[in-house]
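The values are calculated or read from the model by the stated rules, or taken from the named source; none is laboratory data. Quantities reported herein were computed from a predicted structural model and do not represent experimental measurements. Cβ coordinates were reconstructed from backbone atoms using ideal geometry, including for glycine residues, and neighbour counts include every protein chain displayed. The protein model used for the area step is the full one, side chains on, heavy atoms only, and it has no ligands, DNA or RNA in it. Shrake-Rupley method; radii C 1.70, N 1.55, O 1.52, S 1.80 Å.
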Amino acid sequence: MDATASGTPSIQYHNIVDQQIASIVSPLPPFIRQQRHCFGDSSSGEFPLAASPSIVLHVLTGCNLDPQDLAKLEATCSFFRQPAHFEPDTELSISELAALDMCQKRVIFKPMPVEEKEILKQRCGGSWKLVLRFLLAGEACCRREKSQAIAGPGHSIAVTSIGVVYSFGSNSSGQLGHDTLEEEWRPRQIRSLQGIRIIQAAAGAGKTMLISDSGRVYAFGKDSFGEAEFGAQGSKLVATTPTPVMSLKNIFVVQVTIGNFFTAVLSREGRVYTFSWGNDTKLGHQTDLNDQEPHPLLGPLENIPVVQIAAGYCYLLALACQPCGMSVYSVGCGLGGKLGHGSKTDEKLPRLIEQFQLLNLQPALVAAGAWHAAVVGKDGRVCTWGWGRYGCLGHGNEECEYAPKVVEGLNKIKAVHVVAGDYTTFVVSEDGDVYSFGCGESSSLGHNVGADGQENRHINVLSPELVKSLKEVKERVVQISLSNSIYWNAHTFVLMESGKLYAFGAGDKGQLGMKLLDQQSEREKPERVDIDLS
């Protein structure tokens, strides 16, 4: 049943501040008289919404109101709650129809069969407004259908706004997709993908995975879906050019994340599947280390839609979309407290991180580093937890935090983006400023000059520090990507709103997309990569 049919709001509402009429409408000159028109049985002075509901629907859809705005309309006016008697469902209200129309504009939603759309509606809570919130949240988290740059362990992937893919860096396993094993020091287009629009990418040690706008997954590099420190896993090559992953052909995939020892994918319906986790049932199912069949993530998330996933060293985070709001679940290895449940205990099934409720924080985006994790709240607060080595949690020390803790050093800014790498963390503020903290090796934090004014770019940073070298670029940052592996020196990508890409950190394999000088292995300041991703 539609959540709006009973008249009960499906989204929590907030009070709307009353405004004086004079602050909204300029007073008319005294000699002009305006006549109010009546329609039907309405009396003089009533706002005639019912006179032309189709126009109202057109305005709501055209203005791209967010789900909360539509819910507020329902809460304040019965006209927006009553059945509108329009196709395709005459029982839907004007606000529900507007939400459905806006869902139809999403590339992921539009091709879904009617039955799958209805199933998704029920998974989201029985309202098209909640479906719209689910779709918008996923787009915001993962930059779907937008340009992006991925800093992998030793190699890099760049995707333009129209889905063209470039790769560069280490290529020992064919992970660049150019049908060779030669390193590339400059961005090179993957020609075999011509005619295929890529909307998302992921890079692991010796492996790359790409997702097309039709939900197909392509992989190249090592033959396994995870990384392994020991054993023969990943010793063979699956391909040196993009090859469809046949085991996923019946799943419309919208995101993939490569962790250590496993890979996870997210379907457009918000279901999570994993590969190659191993036979200790840490993800709720027992599989062989080299199992290349996707297995659904069991437990509480089976019937809750997930909008984003993030993987680190033997653990997985999931940002879930529920009628009451957004929440974060974690599963896997709890070493260092990186699962956020107040202990180091492993979790075989996804478990809700309850600390966010205690902090009164609504999660908007999750990030998983190798041993630590981070979340940005809707209100702009940033929380970190896990192993605090090198100061990667930003709390002014190197201690572990077993539950999410607000980074006090960022309390004067409103954050909109956070990424976690190999003992490093970056935060982007609403104003476009970038802050970083953690391990200073490989110059991957961007602090080429320390607080004492000396060139000590390798020093660890225990609290958030403004990346002044990016401030000098004078462009708005829209995405940051960090290396997230324990096997390689780290590098960092910064993508600007204009489509320009900057890189710094380790570049010994060509992963920065530029040729370094003799005896040089890293770049301490952001340098422009010769590629336009706009």
Q | Cβ-based charge dipole, the range 379-418, positive-most Cα from G396, H417, V382 | A | H417
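Quick one: ranking H58, H178, H155 by accessible area, 1.4 Å probe, largest first, what do you get? Before the final figure, lay out the partial values.
Numbers: H58 135, H178 20, H155 0 Å².
Ranking H58, H178, H155 by accessible area, largest first, yields H58, H178, H155.
What accessible area per residue comes out for the range 302-423, rounded to a whole number of Å², with a 1.4 Å probe?
The answer is 35 Å² per residue.
Suppose the chain between E116 and T180 were pulled fully straight at 0.36 nm per residue; how much longer would it get relative to their current alpha carbon spacing?
On the way: separation 64, 0.36 × 64 = 23.04 nm, distance 4.09 nm.
Gain on stretching E116 to T180: 19.0 nm.
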Q: Might you work out the accessible area of R186 for me, using a 1.4 Å probe with all protein chains in place, and round it to the nearest 10 Å²?
A: 130
Q: Within the range 494-530, list the trypsin sites (Lys or Arg not before Pro) lying in a DSSP loop whose Cβ has at most 11 other Cβ atoms in a 10 Å radius.
A: K515
(Q) If I compute solvent accessible area with a 1.4 Å probe over the protein chains, what percent of it on the range 135-201 is carbon and sulfur? (A) 46
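Quick one: net charge of I413's neighbours, Cβ under 12 Å, K/R +1, D/E -1?
Numbers: positive: R381, K412, K414; negative: D379, E408, E430, D431, D433.
Its environment carries a net charge of -2.
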Q | Linear extension gain, K105 paired with Q357, 0.36 nm per residue minus alpha-carbon span | A | 87.4 nm
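So if R0 is 25 Å, what FRET efficiency would K474 and S534 give, r being the distance between their Cβ atoms, rounded to the nearest 0.05? Provide the component values of the computation, followed by the final result.
Values: r = 17 Å, r/R0 = 0.68.
The pair K474/S534 has a calculated efficiency of 0.90.
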Q: Could you rank the peptides 89-99, 240-250, 395-405 by their average count of other C-beta atoms within 10 Å per residue, with the highest value first?
A: 89-99, 395-405, 240-250
